[in-house]
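I have placed the structure first, in the form of structure tokens, so that the comments after it can refer back to it.
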Amino acid sequence: MSDATNAAKPAALPIKDAGPRGFLVSSPPHLAAGATTQRIMFEVLLAMLPLFGFALYMFRLSAIVLTVATIAGALAAEALGNLMRKRDQSSVYDGSAIVTGAILAFSLPPSLNPYMAFLGGMVGIALGKIVFGGIGNNLFNPAMVGRAFLMICFPAALVSFTPTAPMTAAGVDATTMATPLYAAAKQMDLPSMSALWLGNTGGCLGETSAIAALIGGLYLVIRGVADWRQPLALLLTAGIFAQIAHWIAPDAHPGATFHLTSGAMMFGAFFIATDYVGAPVNPWGRLIFGAGVGLLVMVIRLFGAYPEGFMFAILIMNSLTPVIERVTTPTPFGGKVEA
Amino acid sequence: MAAETGNLEQFKTGILDNNPVLVQLLGMCPALAVTNSVENALVMGGAATFVVVMSNLITSLLRNLIKPHVRILIFTLTIATFVTIADLFLKAYLFKVSQAIGAFIPLIIVNCMIICRAEVVAIKNGVGKSLADAFGIGIGFTLSLLTLGIIREILGSGTFLNYQVLPKTVWDTHAWIIMILPPGAFLTLGVVVGVVNYMRERGKVGA
């Protein structure tokens, strides 16, 4: 594709500007898969339903309250941003803010104050997306920006986990419980494998059940909404890293299956790392991105101050995306194009 | 810079159109580092105002004696002298704040806002205009720091000049700790500069 001829052509015309006989005059691509932002976001939300269902069972009311709060915050920021930038409100209805809010809610602890969740949703959209120019222009995953803000703003509230009904013993109002990763970091007793897969452990709303995340994630991959490359590279890298650490020091580090099923690993691999905007476009770039996130998660989990490192891993790799993109851009047929 | 501007104009431009922090984006380092409380912001602003006024005064008085090729050296020496005075003064009379601000008072020496005023205004203009400019810039700088300090202290600690303004019971557990940490400085500065730009653009369209 030569830049000169392409630049001369006008940009693709919207449908309503079709010619007199209804023929659509536009630059390629001429075949569209019908994938609109709205449809993709709907599919993502659909894929999150198993997670939400499980969160509902585990955390009851707080699952609903937190999800509603973050989504409300995200939508409010989106609408406010459009208003300030004198844009139409279409980006409020395309569902992207709802997905951001839902992902943020699923990565928050259930005992969090709803007002903090609302704030996180607002900040995530306002500082993670609006200031960069709205959908498609953000450098970082907005949900993770919101969570990072909350993490630094309210560090105590973000790491306190209060298990709810299904976990507490009868007659006890509330107990606190370590998340599996915290237990691993402090070398306490670890929950059983089945608890990790099913999700009967402490943790953030959407991260406790590895199976629910896997079901939703596989649905996304099969439907073609999410690329298989990031999750595969991510889980493979993290798994290999965890297993090597386990072989070196079996007492200190649990093995690959523990790390892959605990914390935000499954949820993040399928729902956060596959975000279109923050990740590279090129196939190899996506593999590198996934592998980088997997590596950073494990480095932070095993050597860092925080028990879980998914958020920081995503944010760091988001900032590396332009570099990855530059390295992995394929050479077009016919030789190298001078940029 | 227009050739003939009155002293009042020169004074006003430092506060509004040429506000050092919010428009020229000079002196970012203290603006980010010491605005976590109103008190620190005020002291920093006061110290910087003192230095810019004195440095503009001396530079303006010496302007016919300074050879062009050594002017930067003279500026720096002049500024360093008054920064040392300010530093010792704060250590003597406001020891606690001086401890809190730490190295940022001595660092006023390398604040490009001050050397910029010497180079742009004081070396070319009389004492009156240089002083008007220095006061304008100093006040503009102080007001910007104050804006950041007020936002950050109220949200981050729930206080204003150490008086509780937001309900203590709530803010003891729900304070936005991020606001008194470095990330809060960047966020606040970014938002404030954005708002200022927005208002300036609107002013232009309206006029």
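Exposure proxy for A:247, A:197: other Cβ atoms within 10 Å of each Cβ, ordered fewest to most, give A:247, A:197. Mean partner shielding of peptide A:146-158, defined as the number of other chain Cβ atoms within 10 Å of each residue Cβ, is 3.
Total lysine pairs in the protein assembly as shown at Cα distances under 26 Å, for residues eight or more apart or on different chains: 10. For chain B, the direction-averaged projected area of the alpha-carbon convex hull comes to 12.9 nm².
When only C-alpha pairs under 8 Å and at least 6 residues apart count, what is the relative contact order of segment A:213-339, in percent? The value is 28 percent.
Entry note, the protein assembly as shown: the mean residue ellipticity at 222 nm calculated from DSSP H runs of n ≥ 4, each adding -39500 (n - 2.57), is -19500 deg cm²/dmol after division by the residues and rounding to the nearest 500.
In segment A:215-232, whose amide N lies under 19 Å from the spot 7 Å out along Cα-to-Cβ of residue A:49? List them in ranges. Flagged as within label range: A:215-226.
Each 5 Å bin from 0 upward holds the following percent of the Cα-Cα pairs of segment B:5-49: 6, 21, 22, 25, 16, 7, 3, 0.
Annotation for residue A:194 and residue B:186: the two label points, set 7 Å from Cα along the Cα-Cβ direction, are 4.7 nm apart. The label-point distance for residue A:80 and residue B:193, in a model that sets each label 7 Å from Cα toward Cβ, rounds to 2.1 nm. By the count of other C-beta atoms within 10 Å, a proxy for reagent exposure, B:60, B:55 are ordered fewest to most as B:60, B:55. Loop-located GluC sites (Glu not before Pro) across segment B:1-103 with a Cβ neighbour count of 13 or fewer within 10 Å are B:4, with loop assigned by DSSP. Other residues lying with their Cβ under 15 Å from the Cβ of residue B:30 contribute a combined charge of -1, Lys and Arg counting +1, Asp and Glu -1. Less than 5 angstrom separates the built amide H of residue B:160 from those of B:165, all sequence-distant by 5 or more or on a different chain.
This ranking places B:96, B:129 by how few other beta-carbon atoms lie within 10 Å of each, fewest first, which gives B:96, B:129. Compactness of the protein assembly as shown is given as radius of gyration and Dmax, 28.3, 88 Å, from Cα positions. Residue ranges A:143-149, A:258-264 sort as A:143-149, A:258-264 when ordered by packing (mean number of other C-beta atoms within 10 Å per residue, highest first).
Volume per residue for segment A:37-158 equals 85 cubic angstrom (convex hull of Cα atoms). Each 5 Å bin, from zero up to the one with the longest distance, holds this percent of the alpha carbon pairs of segment A:226-333: 2, 14, 24, 24, 16, 10, 6, 2, 1, 0, 0. Averaging Cα coordinates gives a centre for segment B:144-207 and one for segment A:237-286; these two points are 38 Å apart.
A short reminder: the numbers here are calculations on the coordinates, not readings from a lab. These numbers come from a predicted model, not from an experiment. Reconstructed Cβ throughout: ideal geometry from the backbone, glycine too, with neighbour counts over all protein chains shown.
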